[in-house]
């Protein structure tokens, strides 16, 4: 065999290479339907199609100027290096002070871990406390990533359906019926994405009583706490009692309240053992949160809160308009949301799955909504009012006309 022949064989092998294998945990993850719908809507807009997007999971407001200025100043000062893995001390202290003032929670700064978004904090908390064989109870409709996070750590999500007549809220007896000796954690989200439901103090206390009997962790995702309306009151689960405090991992962040979704900053506050475990995990997986973003977060907590108040008032106006319009459409129903920026619409009377409804609505009426299948309830679709009132009005006109054709 000549050198050229050998070189040809090496450069052009006759057999196909063995395909790379991925882990079972990665293979079993479901693609995000929320991102899928958003990508499809953006592609249509890029083609010049007038799409009304109700899929947004982020405020349509810009980050307040004083927050951006703080980050810019940090950049100019050269604050671009590694920070402590759990965040800069002054931000952890500011968060501890915020939790005390706003939520009646007494955490030391060492119990606060700053992460790359509240999503990252949620996953770190689950990874630090759950393992293969454990079960994690999740009320449905739920935020799309909770079950996938549980599966990623090798644990098993146990989904508890809720009902529209109970404002999409899980009752203590529902939780108790779902528990087994393998139950390790309950995930709670109030105010809730996608339902907008806000649990009362009494409802939360009843659930805590059940968890405390079996020492079950509670992951309390409170990212929408500042976006509550009417007479609804946000209650932090860990504030209910010492037992609740000892079992609860409180999750929060800056994305929704301060329009900082792209900054990727969230945090958790937890009992010492959990906080230390999360710090260790984060040190090996992410090193630390973004350095200059942390100074923006510090300005968010310490600075002018009026932009937050203005944003909430605008959301409230949009919420009332969207709910009133949806309530007048035949054969669909909705519960008026008390928090967040979503209206969950029950479309079950129209005879379509949520995915079919969303696909047809987008292709025929140029309106993007998120199918409820993404949230564990195929009877529903989620509409976000984190968009302008003009888009809401035009989109709801199309939504109503489309529903009439069914």
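Assorted remarks:
- Annotation: the antiparallel percentage among DSSP beta bridges lying fully within the range 66-302 is about 30.
- The relative contact order of the range 130-234, computed from alpha carbon pairs under 8 Å that lie at least 6 residues apart in sequence, is 28 percent.
- Taking 0.36 nm per residue of separation and subtracting the Cα-Cα distance, full extension of the segment from residue 273 to residue 317 would add 11.5 nm.
- Pairwise label distance in nanometres, residue 356 with residue 90, each label 7 Å out on the Cα-Cβ vector: 5.8 nm
- The chain - percent relative contact order, Cα under 8 Å, separation 6 or more: 23 percent
- Neighbour counts of other Cβ atoms within 10 Å put 20, 44 in the fewest-to-most order 20, 44.
- Stretch gain in nm, segment residue 35-residue 328, where the contour uses 0.36 nm per residue and the Cα spacing is subtracted: 102.6 nm
- Per residue, the average separation of C-alpha pairs within less than 8 Å and at least 6 apart gives the range 66-302 a relative contact order of 31 percent.
- Pairwise label distance in nanometres, residue 349 with residue 309, each label 7 Å out on the Cα-Cβ vector: 4.1 nm
- Antiparallel DSSP beta bridges within the chain, as percent of all bridges there, nearest 5: 45 percent
- Helical mean residue ellipticity (222 nm; -39500 (n - 2.57) per DSSP H run of 4+; nearest 500) of the chain: -13500 deg cm²/dmol
- Computed over the range 66-302, Cα set: Rg, Dmax in Å: 17.3, 56
- Kirkwood hydrodynamic radius over Cα pairs of the chain, then Stokes diffusion coefficient at 4 °C and 1.567 mPa s, in µm²/s: 57 µm²/s
- Spacing of the modelled spin labels on residue 46 and residue 76, each 7 Å from Cα toward Cβ, amounts to 3.6 nm.
- Normalised Debye scattering of the range 338-400 at q = 0.25, 0.28 Å⁻¹ gives log10 I(q)/I(0) of -1.13, -1.29, counting only Cα atoms as equal scatterers and leaving out solvent.
- More than 27 Å apart - percent of Cα-Cα pairs taken over the range 19-140: 49 percent
- By the count of other C-beta atoms within 10 Å, a proxy for reagent exposure, 110, 183 are ordered fewest to most as 110, 183.
- Sorting the segments 244-251, 256-263 by their residues' average number of neighbouring beta-carbon atoms within 10 angstrom, most packed first, yields 244-251, 256-263.
- Evaluated over the range 44-104, the Cα radius of gyration and Dmax, each in Å: 18.4, 50
- The length gained by stretching the chain between residue 389 and residue 233 to full extension, at 0.36 nm per residue less their Cα-Cα distance, is 53.6 nm.
Just so you know, all these numbers are worked out from the coordinates, no wet-lab data involved. Keep in mind that this is a model prediction, so the values were computed, not measured. Every residue, glycine as well, gets a Cβ built from its backbone with ideal geometry; the counts of neighbours run over all protein chains shown.
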